[in-house]
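The values are calculated or read from the model by the stated rules, or taken from the named source; none is laboratory data. Everything numeric here is computed off the predicted structure, so don't read it as measured data. As a convention, Cβ positions derive from the backbone with ideal geometry for all residues, glycine included, and neighbour counts pool all protein chains shown. Surface accessibility is based on the protein's heavy atoms, side chains included, excluding ligands, DNA and RNA. Shrake-Rupley method; radii C 1.70, N 1.55, O 1.52, S 1.80 Å.
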Amino acid sequence: MSDKVLAAEALRWKKFPVLNDGFVCLVDCMGDDSAITQAARVSYGEGTRQISDDRTLIRYLLRHRHTTPFEMAVVKFLVRVPMDTWRQWIRHRTASVNEYSTRYSIAIDSMQATPEDGWRFQATDNRQGSCGFCSAAAGRELTQSEAKFHQAARDLYQQRLDAGIAREQARKDLPLSTYTEAYWKMDLHNLLHFLMLRMESHAQVEIREYATVIGEQILRPLFPLTWEAFQDYILEATTLTRLDRDVIRRLAASGNVPATEEQFWAVQDDTWKAMKRCRERDECLEKMRLLGLVK
């Protein structure tokens, strides 16, 4: 049995814990790194000499965004995830999904509990983001009140079931922190796109934890060559726009490298200058700092 097959067998049905009671586990996997290169080389025609090894080819394909060969591999997971996080997850419509039904079955008796040090403030510069954490005392009080609410919601649900109320109606007041389970199947190309978005530092913490487990604990051993290229060219890469390149050229021409933030503002794109708030400019400044071009 090959090392790749052994790796898949070792991972299959192994539950990787996420949050307080969630998990991700591999159900099945079709293909590996060689399936990607095999699909790519079919365009060469039968009998064509192999001119590059698998690693070089995979890196070329991902670097130049030749995505079709990555669709030849498919991965299927079983996940347990809070319903509010699942709402973000299910927006990725390129997957095949079959979710646990609370019309047919009693809702999973588990809810996502927030640790005392896990309560985040609303970000002031991002309507859908968070920033910073509550104090220990405030977090403790919030976690205690959350636990009481979870128990009250579950008790109400159980009272309705005991009274013979239909499951489809009894469930309606369960909180979004209630865990659900689903089979989730996706080809590797779209799975990498999911991970690109959900492992990114601005993604919500909860779904980022799931994405990180999927990527680092499951995909890395299943597709080591693809994962290496994905890290180099997508996950840890910095993409420069035309405007970013022009800013770099103007900084270089001014001789101010590394520049101060004031010197960056002096060479910013003309379309940004009239705007008090400009996310594109902020992102450009962040890239310049990352590259060591701005102090």
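Inclusion of LEU192 among residues that are touching a residue at least 40 places away in the same chain (Cβ under 8 Å) and under 20 Å from GLN112 (Cα atoms) is not warranted.
Each row is one residue, and each column tells you yes or no for (1) buried (at least 17 other Cβ atoms within 10 Å of the Cβ); (2) more than 20 Å from the chain's Cα centre (by Cα); (3) modelled with pLDDT under 95; (4) of a type in the set (Val, Ile, Thr).
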position	(1), (2), (3), (4)
ALA153	no, yes, no, no
LEU156	no, yes, no, no
ASP162	no, yes, no, no
ALA166	no, yes, no, no
LEU174	yes, yes, no, no
ALA182	yes, no, no, no
LEU188	yes, no, no, no
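Taking first residues from region 259-282 that are charged (D, E, K, R) and partners that are assigned to a helix (DSSP H, G or I) and surrounded by 11 or more Cβ atoms within 10 Å (Cβ to Cβ), the Cβ contacts under 7 Å between residues at least 6 apart in sequence or on separate chains come to ASP269/LEU243; ASP269/ASP246; ASP269/VAL247; GLU280/TRP272; ARG281/TRP272. When VAL81, VAL42 are checked against the criterion of being modelled with pLDDT of 95 or more and at negative phi, a single residue qualifies: VAL81. Restricting to region 241-272, name every residue that is surrounded by fewer than 11 Cβ atoms within 10 Å (Cβ to Cβ) and part of a loop (DSSP other than H, G, I, E, B). GLY255, the sole residue that qualifies. Of everything in region 127-139 that is free of Cβ contacts under 8 Å to residues at least 60 places away in the same chain and open to solvent by less than 100 Å² (accessible area, probe 1.4 Å), the residue that is farthest from ARG277 (Cα to Cα) is ALA137. In this structure, GLU200 qualifies as outside any helix (DSSP H, G or I) and surrounded by fewer than 18 Cβ atoms within 10 Å (Cβ to Cβ).
When you look at ALA229, is it in a helix (DSSP H, G or I), closer than 24 Å to VAL75 by Cβ and open to solvent by less than 50 Å² (accessible area, probe 1.4 Å), yes or no? So ALA229 passes the test. Taking residues in region 86-105 that are open to solvent by 70 Å² or more (accessible area, probe 1.4 Å), and partners anywhere that are assigned to a strand (DSSP E or B) and charged (D, E, K, R), the pairs with Cβ atoms closer than 6 Å and at least 6 places apart or on different chains are TYR100/GLU181.
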